1. Quick check on segment 114-137. Is at least one of its residues over 27 Å from residue 77 (Cα atoms) and at pLDDT 75 or above?
2. With the structure loaded, tell me whether residue 33 is under 19 Å from residue 92 (Cβ atoms), at pLDDT 95 or above and either surrounded by 14 or more Cβ atoms within 10 Å (Cβ to Cβ) or over 22 Å from the mean Cα position of the chain (by Cα) (or both) or whether it fails that test.
3. Considering each of 26, 62, 21 in turn, give the residue that is surrounded by fewer than 20 Cβ atoms within 10 Å (Cβ to Cβ), under 16 Å from the mean Cα position of the chain (by Cα) and farther than 15 Å from residue 127 by Cβ.
4. Does residue 147 qualify as being in a helix (DSSP H, G or I), crowded, with 16+ Cβ neighbours inside 10 Å and at pLDDT below 90?
5. Would you check which residues across segment 86-112 are without any contact (Cβ under 8 Å) to a residue 60 or more places away in the chain, in contact with a helix residue (DSSP H, G or I) (Cβ under 8 Å, 6 or more places away or on another chain), assigned to a helix (DSSP H, G or I) and over 17 Å from residue 33 (Cα atoms) and list them?
């Protein structure tokens with residue numbers, strides 16, 4: 001693979017690890033916005049958070065995790081732990097989507113989700129991202145960043161009805177719909 005620079009963009013943005021870390025910061029910001037908002041503003045903030053989290057996690061599941069699992073010596077156990085964390089967060093997110101932002105229990109459950117998502121991001125940054133850097137050259141990191149950008153571009157801002165999960169995702173609702181669309185975009189970008 002050949003490394004290419006993207007005209008008009010920060011060269012670091014061609015590195016998937018940097019892009020994922022930037023998304024972690026934006027996810028944190030969006031979670032804080034959900035907790036500080038009320039009423040319709042909270043619903044809007046929650047939808048924006050769900051959208052980014054769905055794109056981010058699905059792109060990691062399609063791009064990052066398979067490569068780290070296969071290429072890095074300790075990739076299997078590291079990825080398995082991250083996937084377990086992601087599944088737990090998806091279950092909590094599904095409960096929140098089902099109950100709605102106006103539920104009396106929403107703030108408490110969302111704070112717990114926030115704590116879990118932040119711990120997950122820290123584990124990725126401390127464990128999985130260094131493994132990726134140890135086995136991937138700059139061209140591979142750029143290739144992965146292009147697939148991540150494709151996912152961001154194609155993923156809907158609202159769920160699309162009737163979208164079935166190619167991977168048998170058991171989630172229902174906005175997160176699953178966005179994840180399905182993101183998965184399709186990533187696979188197209190990677191030529192799968």
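1. no
2. Yes; evaluated as a whole, the condition is true for this residue.
3. Of 26, 62, 21, the one residue that is surrounded by fewer than 20 Cβ atoms within 10 Å (Cβ to Cβ), under 16 Å from the mean Cα position of the chain (by Cα) and farther than 15 Å from residue 127 by Cβ is 26.
4. On the way: in a helix (DSSP H, G or I): yes; crowded, with 16+ Cβ neighbours inside 10 Å: yes; at pLDDT below 90: yes.
It is true that residue 147 is in a helix (DSSP H, G or I), crowded, with 16+ Cβ neighbours inside 10 Å and at pLDDT below 90.
5. Across segment 86-112, the qualifying residues are 86, 88, 89, 92, 95, 99.
The values are calculated or read from the model by the stated rules, or taken from the named source; none is laboratory data. All of these numbers come straight from a predicted model, not from anything done at the bench. Every residue, glycine among them, receives a Cβ derived from its backbone with ideal geometry; neighbour counts consider all protein chains shown.
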